[in-house]
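The structure under discussion appears below in the form of structure tokens.
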Amino acid sequence: MTKSQIDRHRIFRVLARLWIITLTILLLLPGKNIPVIKWALKIPVDKTIHFLSFFFLAVGFLLGYKWEERNKRRILFIELMAYAIIMETIQHVVQPSRAFEKEDMLANTLGIITAFIGYYIAGKFIKKLTQAQPN
């Protein structure tokens, strides 16, 4: 692995850690002023934000590891799923104006699952492309 690849992985790990700190703070802020806006698809913006927040969190961490580090990705998946569930569970305990919502937890976990599936598909596609190219 080249130095630029190592630096890239390190940068993504740092960005993912910064995002998890930011996300934790945002999830524990008072929720009474969060507007309820619906998209054309009748999906509340709140659920979309939960999905995208956890999707990008997972992508950041995934890009912090080499493709070959399958065991680390499995552990990461379990840790991120636990984080998503724990944060949704405790946010109403820490912040009385926030409420536990199964839909938020579903959006959180679907964001993580989607990121892992996308990472797996993209990795297989890239691997196939690099093997098909003549040296």
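The values are calculated or read from the model by the stated rules, or taken from the named source; none is laboratory data. Note that this is a predicted model, so its numbers are computed, not measured. Quick reminder, even Gly has a Cβ in these numbers, built from the backbone with ideal geometry, and neighbours come from all protein chains shown. Please note that ligands, DNA and RNA were not included when accessible areas were found on the heavy atoms of the full protein model with its side chains. Shrake-Rupley method; radii C 1.70, N 1.55, O 1.52, S 1.80 Å.
Which loop-located chymotrypsin sites (Phe, Trp or Tyr not before Pro) does segment 83-135 contain, where loop means any DSSP state but H, G, I, E or B and the Cβ has at most 12 other Cβ atoms within 10 Å?
Phe100
Mind checking the full-extension length gain between Glu79 and Gln131? Use 0.36 nm per residue of separation minus the Cα-Cα distance, one decimal, nm.
That works out to 15.5 nm of additional length.
Quickly work out the Ile86-to-Arg17 label distance, labels modelled 7 Å from Cα along the C-beta direction, and quote it in nm with one decimal.
About 1.7 nm, to one decimal.
Rank these residues by their accessible area, most exposed first, probe 1.4 Å: Asp46, Asp104.
Highest to lowest solvent-accessible surface, that is Asp46, Asp104.
Please list Phe77, Phe56 from largest to smallest accessible area, probe radius 1.4 Å, with all protein chains kept in place.
Values: Phe77 65, Phe56 120 Å².
Output order, biggest surface exposure first: Phe56, Phe77.
May I ask you to list the aspartates and glutamates whose Cα is less than 14 Å away from that of Lys47, ignoring any residue fewer than eight positions away on the same chain?
Within the straight-line limit of under 14 Å, Lys47 reaches these aspartates and glutamates: Glu88, Glu101, Glu103, Asp104.
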